[in-house]
1. Note down the magnitude of the dipole of the range 159-287 about its Cα centre, charges +1 on Lys and Arg C-beta and -1 on Asp and Glu C-beta and zero elsewhere, to the nearest 20 debye.
2. Per-residue accessible area for Trp279 at 1.4 Å probe radius, Å² rounded to 10?
3. With no solvent and one equal point scatterer placed on each C-alpha of the range 160-201, evaluate the Debye formula and give log10 I(q)/I(0) for q = 0.13, 0.31, 0.34 Å⁻¹, two decimals.
4. Report ³J(HN,Hα) in whole Hz for each residue of the range 203-210, in order, from the Karplus equation J = 6.51 cos²θ - 1.76 cosθ + 1.60 where θ = phi - 60°; Gly and Pro get x.
5. Hey, what did the chain get for relative contact order, percent, Cα under 8 Å, at least 6 apart?
6. Which order do Phe227, Phe134 take when ranked by solvent-accessible area (1.4 Å probe, heavy atoms of all protein chains), largest first?
7. Based on the alpha-carbon gyration tensor of the range 121-198 and its eigenvalue square roots a ≥ b ≥ c, which shape applies: rounded if a/c is under 1.5, prolate if not and a/b is larger than b/c, or oblate?
8. Using θ = phi - 60° and the Karplus curve 6.51 cos²θ - 1.76 cosθ + 1.60, what whole-Hz ³J(HN,Hα) does each residue of the range 263-275 get, with Gly and Pro shown as x?
Amino acid sequence: MSPTLTAPPRKQASDRGRLEPLTRLVDDALERALPKATLPPQVIHEAMRYCVFSGGKRFRPLLCLGGCEAAGAPARRAMTVAVALELLHTYSLVHDDLPALDNADERRGQASCHRKFGEGNAILVGDALLTMAFAWLGRDGTPNTLAIVREIGSACGTDGLIGGQILDLQAISQPRSSTERNLRDIAQRKTAALITASVVSGALAGGAEAEQIKRLRRYGQSAGLAFQLIDDVHDRDGLAQVMGTEAARQEAQRLIARAVEALEPFGRRAQTLRHLADWLLETAQRP
Ligand code: GRG
């Protein structure tokens, strides 16, 4: 008898590795959605592509596809929404980096949009991405489009991104107002609102019922605040500075556990959302 050939134990894919196939689908969809760089006026299209394809983790599109799967539908049903969310996220980063706001020379290890293409072009790149996102959401074919536009629109407005950015500007000009309470409010609007809208809009595209939306909203709110706490822990600023690094890290870990708890009734259908939570936990544990 020939010796039994046993396959070497398969190395367990990392949490990020498990998300690779969906990440590739998002990248392909973005590639198809964005105007070609050769399309006139070329500079804006080249700059939009420069910003969208510069190594982003695609966290919000993945949350959206995960929300859709949790509702029991195939991820591809929410792909239009996932694309729109990455365009919106990219717009917020391009504008946040501008000289009038963060004045950042670099983003993801390369020149920020305004450093590479000039300030006027960078303002227009942000405007173009924001506008394109809503035009994209208005395409035919996604269920519950109106509810999705409401959800995402409100996460981008004064209750969300813009409100958070305004409060952030105020906190910079009046450092004494940087209390834990204010910083939590900023984190909620600036970071957690769009993260929550990503999961909820994916679930809406997947035809989720009200009770499922409620649970997925809880997942998004917990994961969203954890995301900002972890970012502050790594940057040693914001909430980590006022709470202390270890307290902020522990709260992030508790919030991720609460996010995972909210997924309990979804069983295997929430696998992508669980992988995203695991990946977040992995980043929380990094020094
Ligand atoms: C609309 C001007 C304007 C601003 C809105 C969202 C926002 C306010 C500014 C973005 C900058 C910022 C520090 C946001 C906090 C959330 C955060 C840590 C964003 C980075 O998100 P990642 O890590 O980015 O998902 P990648 O590079 O992976 O896409």
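The values are calculated or read from the model by the stated rules, or taken from the named source; none is laboratory data. This structure is a prediction, so every number in the text was calculated from the model and none was measured. Cβ sites come from the backbone with ideal geometry, for glycine too, and all protein chains shown count toward neighbours. In case anyone asks, the SASA skips ligands and DNA or RNA and just uses the protein heavy atoms, side chains included. Shrake-Rupley method; radii C 1.70, N 1.55, O 1.52, S 1.80 Å.
1. 240
2. 20
3. Debye intensities relative to I(0), on a log10 scale: -0.27, -0.98, -1.08.
4. Coupling constants for the range 203-210: 5, 5, 4, x, x, 5, 8, 4 Hz.
5. Relative contact order, the chain: 21 percent.
6. So the residues, ranked largest to smallest area, are Phe134, Phe227.
7. Oblate is the answer for the range 121-198, as a/c is 1.5 or above yet b/c matches or exceeds a/b.
8. 8, 3, x, 7, x, 5, 5, 9, 4, 5, 5, 5, 4
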